Amino acid sequence: MSIPASDTLEPPRVGATLQALRQAQGLSLDELSRRAGVSKSMLSQIERNQANPTVAVVWRLANALRVELSELLGGEKPATPTIETVASHATPSLSSPDGLCLLRILGPIDLAGQFEWYELTVQPGGALESAAHEPGSREHLSVLSGSLEVTAGGSSQILKSGETARYAVDGPHSIRNRGKSAASALLVVLHP
């Protein structure tokens with residue numbers, strides 16, 4: 001007797017449900033890992049559907065998230081909250097190699113490569129130097145405090161607090177703080 005090939009023989013994919021539940025509760029991978037006693041790398045693999053968890057792991061995750069086991073296994077998507085809040089400590093950030101520029105990633109990761117926005121802080125003497133993005137990409141830099149110098153397409157412009165520059169970034173470009181105090185800005189990157 002042969003068993004017919006069927007999609008129902010595949011184990012349930014809990015990755016998207018796990019990620020949605022974790023994010024809805026404002027938990028980082030680190031925090032869920034600590035609560036559930038499951039390694040961060042295993043959680044990451046589960047969320048990307050690169051690993052199927054054992055029943056024991058699903059049970060630990062359900063308890064840590066305070067949901068029914070069936071909610072994780074059933075693949076039911078939890079209701080999207082009306083207002084999704086990201087805690088300050090859960091906002092990822094990047095630093096320039098010299099440590100003088102900090103980019104807090106404000107946009108959702110699923111929009112990366114399309115539409116990105118950041119809170120940028122540049123210490124005196126700091127420079128955020130970037131290679132060319134794909135043709136047609138543009139940046140919008142709005143200075144909130146201090147002043148910043150933007151260089152793109154062979155031109156430079158100094159922006160003061162309250163000013164915005166919009167410029168093509170399909171060539172090398174940079175943002176520098178030539179002032180004596182820290183500067184902050186919002187940076188939006190639009191990809192074609």
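The values are calculated or read from the model by the stated rules, or taken from the named source; none is laboratory data. None of the values given here were measured: they were computed from a predicted structure. No Cβ is skipped: glycine too gets one built from the backbone with ideal geometry, and neighbour counts run over all protein chains shown. Side chains are part of the model used for accessible areas, which takes the heavy atoms of the whole protein and leaves out ligands, DNA and RNA. Shrake-Rupley method; radii C 1.70, N 1.55, O 1.52, S 1.80 Å.
Largest first, how would ILE105, ILE46, ILE83 line up by accessible area (1.4 Å probe)? Intermediate values should be presented prior to the final figure.
Working: ILE105 35, ILE46 0, ILE83 135 Å².
Putting ILE105, ILE46, ILE83 in descending order of accessible area: ILE83, ILE105, ILE46.
Give the label of the value calculated from the structure for mean projected area of the Cα convex hull in nm², choosing from (1) 15.1; (2) 12.2; (3) 10.4.
Entry (1).
Quick check: the distance between the Cα centres of region 110-170 and region 39-71, to the nearest angstrom?
40 Å
Using only Cα atoms and rounding to the nearest 10 degrees, what angle (0 to 90) does helix 55-65 make with the longest principal axis of the chain?
Rounded to the nearest ten degrees, it is 50.
Which value, in Å² rounded to 10, gives the accessible area of TYR167 with a 1.4 Å probe and all protein chains present?
Probe radius 1.4 Å; accessible area of TYR167 about 20 Å².
Which trypsin sites (Lys or Arg not before Pro) in region 30-125 sit in a loop by DSSP (not H, G, I, E or B) and have at most 11 other Cβ atoms within 10 Å of their own Cβ? Before the final figure, lay out each step's value.
Working: sites: ARG34, ARG35, LYS40, ARG48, ARG60, ARG66, ARG104; in loops: ARG48, ARG66.
Filter output for region 30-125: ARG48, ARG66.
How large is ³J(HN,Hα), in whole Hz, for each residue of region 95-100 in order, when computed from phi with the Karplus curve 6.51 cos²θ - 1.76 cosθ + 1.60 and θ = phi - 60°, using x for Gly and Pro?
With the stated coefficients, region 95-100 comes to 10, 5, x, 7, x, 8 Hz.
Counting Lys and Arg as +1 and Asp and Glu as -1, each charge on the Cβ, what is the dipole of the chain about the Cα centre in debye, to the nearest 20? Mind dumping the intermediate values first?
On the way: 16 positive and 19 negative charges, 100 e Å.
Around 480 debye, computed over the chain.
Taking θ = phi - 60°, what integer Hz values does the Karplus form 6.51 cos²θ - 1.76 cosθ + 1.60 yield along region 23-29, in sequence order, with x for Gly and Pro?
Values per residue, Gly and Pro as x: 5, 4, 8, x, 9, 7, 4 Hz.
In Å², and per residue, what accessible area does region 57-140 have when probed at 1.4 Å with the other protein chains present? Could the numbers behind the result be given before it?
Numbers: 5320 Å² over 84 residues.
Per residue, region 57-140 has 63 Å² of solvent-accessible surface.
Kindly sort VAL67, VAL86 by accessible area of their heavy atoms, largest first, with the probe set to 1.4 Å.
On the way: VAL67 30, VAL86 90 Å².
So, going from the largest accessible area down, we get VAL86, VAL67.
Given charges of +1 on the Cβ of Lys and Arg and -1 on the Cβ of Asp and Glu, with all other atoms neutral, how large is the dipole of region 58-172 about its Cα centre, in debye to the nearest 20?
Numbers: 7 positive and 14 negative charges, 46 e Å.
In total the dipole reaches around 220 debye.
What is the sum of charges around SER142, taking Lys and Arg as +1, Asp and Glu as -1, for the other residues whose C-beta is under 12 Å from the C-beta of SER142? Mind dumping the intermediate values first?
On the way: positive: LYS160, ARG166; negative: GLU119, GLU139, GLU163.
Taking every other residue near SER142 into account, the sum is -1.
Could you tell me which residue out of LEU102, ILE83, ILE46 lies farthest along the dipole of the chain toward its positive end? Charges go on the beta carbon: Lys and Arg +1, Asp and Glu -1, centred on the Cα centre.
Positive-end residue among those listed: LEU102.
Relative contact order of region 145-192, please, whole-number percent, based on alpha carbon pairs below 8 angstrom and at least 6 residues apart.
Values: 66 pairs, mean separation 21.1, N = 48.
Normalised by residue count, the contact order of region 145-192 is 44 percent.
Keeping all protein chains in the complex and leaving out DNA, RNA and ligands, what accessible area do you get for THR82 with a 1.4 Å probe, in Å² to the nearest 10?
140 Å²
Could you work out [θ]222 nm for the chain from helices alone, using -39500 (n - 2.57) per DSSP H run of at least four and dividing by all its residues? Round to the nearest 500 deg cm²/dmol. Kindly include the intermediate steps, with their values, before the conclusion.
Numbers: 5 runs with 42 residues, N = 192.
One gets -6000 deg cm²/dmol as the mean residue ellipticity at 222 nm.
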